[in-house]
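The values are calculated or read from the model by the stated rules, or taken from the named source; none is laboratory data. Keep in mind the model is a prediction, meaning the values are calculated, not measured. Here the Cβ positions follow ideal geometry from the backbone for every residue, glycine too, while neighbour counts run over all protein chains shown.
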Amino acid sequence: MNDKPVKKQRFEFIDQFRGFIGTLMLLGHCSYYFNSVWIDLDPLAPHFDSQAQCLLRYIGYLCAPGFLMMNGAMVWWSYDRRIAKGTSRWQAGVSLIERGLFLIVVQMTWVNSSWGGFRVFKPWHLGVISCIGLSMICLTLIIHWRWYYRLLLAAFILAVHPFLLKIPYDHESTLERVLMQTFIDSGTFNKYPLLPWFAMAILGSVMATCWLQRWTTDSERIRKSLVVAVSTFLLAILIRLMQGYGNILPYCEVGSWTFFMDQKYPPSLFMSLWFFAAVVSMVTLFIAMGRIAPQVLSVFSIPGKVPLFFYAVHLAFLGVFIKRFDFHYRDGGILETLLATAVLLCIMLPLCKWFYGVRSRSGNYFIRMM
């Protein structure tokens with residue numbers, strides 16, 4: 001394996017991984033629209049009728065941790081590059097805050113309405129895109145900290161979050177519901193509470209410090225990333241075995257599907273640690289494959305370079321054609337989900353390639369934000 005420094009390759013594995021998890025999210029969205037299992041499925045406490053359906057849902061669990069961690073990584077990289085070029089901390093932070101606010105607006109205007117094919121304007125709801133935006137804004141307050149201070153803060157947030165979930169509140173009270181579900185709990189207003197997902201973004205910034213700065217060769221990044229991943233996997237398993245602190249849903253037996261499917265909305269401590277380790281493992285795999293067979297993963301770079309565009313446009317396609325025109329809405333299964341994913345990828349890949357060229361040449365504020 002080539003151990004030369006990764007200066008020219010730094011963005012490749014991150015773009016490829018973002019494109020990969022974007023594809024997994026597309027698969028999950030196609031399942032949501034075409035798969036009849038969602039007629040009776042409660043996303044807050046899923047129960048599946050087959051192992052295949054369980055696997056289809058479970059692989060999508062990687063998306064939110066992956067997006068938050070990669071966003072945290074890019075926030076750190078962008079901030080560090082701006083500071084290195086002589087930009088003040090204030091100016092570097094303001095540009096990131098603008099980006100975060102833009103994501104929140106996109107969530108409230110485009111994303112929320114696109115789910116139903118733009119039939120109804122639904123601004124008063126938060127989701128994963130707004131969670132990423134809020135995390136970006138919060139990261140600007142600490143992104144200049146040394147990596148170990150950021151790591152300690154993320155660990156503290158994740159450790160305290162299980163106790164915060166025990167805070168009682170009135171779900172009928174708009175104020176209490178909005179406050180709790182914005183920061184701590186999940187529900188109708190928001191499935192992605194800020195605190196645990198902000199911790200994942202912080203961890204992404206910590207890993208970026210290692211991947212893009214401190215670890216200078218491929219072998220070092222692969223070796224040390226695997227140590228981080230395996231150690232965290234073991235810690236997550238230990239917490240799950242305890243069945244108390246850090247767990248939300250019980251499991252039937254060790255090694256069963258229920259053992260690995262603790263709650264995602266909001267994420268338990270087990271889930272946060274498990275998928276942090278999973279993201280680190282997958283990024284490590286992408287780094288290794290990028291050195292051995294780079295062309296294998298190059299297709300993922302296409303959506304990975306414009307992840308927000310990929311997310312917003314494919315969701316709009318699904319919302320308009322399936323919900324607005326009632327095109328086979330939830331009357332299929334796994335096969336229909338896979339076929340829809342393949343068709344949408346054939347549409348989205350050239351669109352993403354085209355838009356990346358447009359964005360690279362454009363000076364328009366909104367196009368650059370996408």
Among residues of the range 342-358 being under 17 Å from Trp110 (Cβ atoms) and over 21 Å from the mean Cα position of the chain (by Cα), the residue surrounded by the most Cβ atoms within 10 Å (Cβ to Cβ) is Phe355
Pairs returned, first residue in the range 215-238 that is without any contact (Cβ under 8 Å) to a residue 60 or more places away in the chain and farther than 25 Å from Phe260 by Cα, second residue that is surrounded by 13 or more Cβ atoms within 10 Å (Cβ to Cβ) and among the charged types (D, E, K, R), beta-carbon separation under 7 angstrom, 6 or more apart or interchain, are Trp215/Arg221; Trp215/Lys224
Selection from the range 168-201 of residues polar (S, T, N, Q) and not in a loop (DSSP other than H, G, I, E, B) yields Thr174, Gln181, Thr182, Asn190
Reported set for the range 237-256 where residues are among the aliphatic types (A, V, I, L, M) and in a loop (DSSP other than H, G, I, E, B) is Ile248, Leu249, Val254
Residue pairs within 7 Å by beta carbon, gap of at least six or interchain, first lying in the range 239-262 and farther than 17 Å from Leu164 by Cα, second surrounded by 13 or more Cβ atoms within 10 Å (Cβ to Cβ) and of a type in the set (Val, Ile, Thr), listed first then second, are Tyr251/Thr258; Cys252/Thr258; Asp262/Ile248
Restricting the range 181-230 to residues that are surrounded by fewer than 19 Cβ atoms within 10 Å (Cβ to Cβ) and of a type in the set (Lys, Arg), the one farthest from Ala154 (Cα to Cα) turns out to be Arg223
* Would you be able to say whether some residue in the range 106-122 is over 30 Å from Ser31 (Cα atoms), in contact (Cβ under 8 Å) with a residue 60 or more places away in the chain, touching a Gly at 6+ places or on another chain (Cβ under 7 Å) and not aliphatic (A, V, I, L, M)? => no
*Just a yes or no: is a residue in the range 288-311 assigned to a loop (DSSP other than H, G, I, E, B) and either touching a residue at least 24 places away in the same chain (Cβ under 8 Å) or in contact with a Ser or Thr (Cβ under 7 Å, 6 or more places away or on another chain) (or both)?*
yes
- Message: Residue under question is Phe118, and the condition is that it be modelled with pLDDT under 95 and either over 19 Å from Leu212 (Cα atoms) or part of a helix (DSSP H, G or I) (or both); does it hold?
- Response: yes
Pairs returned, first residue in the range 12-27 that is closer than 17 Å to Phe276 by Cα, second residue that is among the hydroxyl-bearing types (Ser, Thr, Tyr), beta-carbon separation under 6 angstrom, 6 or more apart or interchain, are none
Every listed condition ((1) of a type outside the set (A, V, I, L, M, F, W, C); (2) surrounded by 14 or more Cβ atoms within 10 Å (Cβ to Cβ); (3) closer than 23 Å to Arg89 by Cα; (4) at pLDDT 95 or above) holds for His144 save (4)
Checklist entry - Scanning for something modelled with pLDDT of 85 or more, outside any loop (DSSP other than H, G, I, E, B), under 14 Å from the mean Cα position of the chain (by Cα) and loosely packed, with under 15 Cβ neighbours inside 10 Å, does the range 12-32 turn up at least one residue? => result no
Is at least one residue of the range 324-345 free of Cβ contacts under 8 Å to residues at least 24 places away in the same chain, within 21 Å of Leu26 (Cα to Cα) and among the acidic types (Asp, Glu)? yes
Scanning the range 77-93 residue by residue, those farther than 16 Å from Leu134 by Cβ and not basic (Lys, Arg) turn out to be Trp77, Ser78, Tyr79, Asp80, Ile83, Ala84, Gly86, Thr87, Ser88, Trp90, Gln91, Ala92
Selection from the range 138-167 of residues outside any helix (DSSP H, G or I), under 24 Å from Gly246 (Cα atoms) and within 22 Å of the chain's Cα centre (by Cα) yields Leu165
Among residues of the range 291-329 being surrounded by fewer than 17 Cβ atoms within 10 Å (Cβ to Cβ) and charged (D, E, K, R), the residue farthest from Met74 (Cα to Cα) is Asp326
**Asked** Among the residues of the range 257-273, is any part of a helix (DSSP H, G or I) and either more than 30 Å from Phe183 (Cα to Cα) or touching a strand residue (DSSP E or B) at 6+ places or on another chain (Cβ under 9 Å) (or both)?
**Response** no
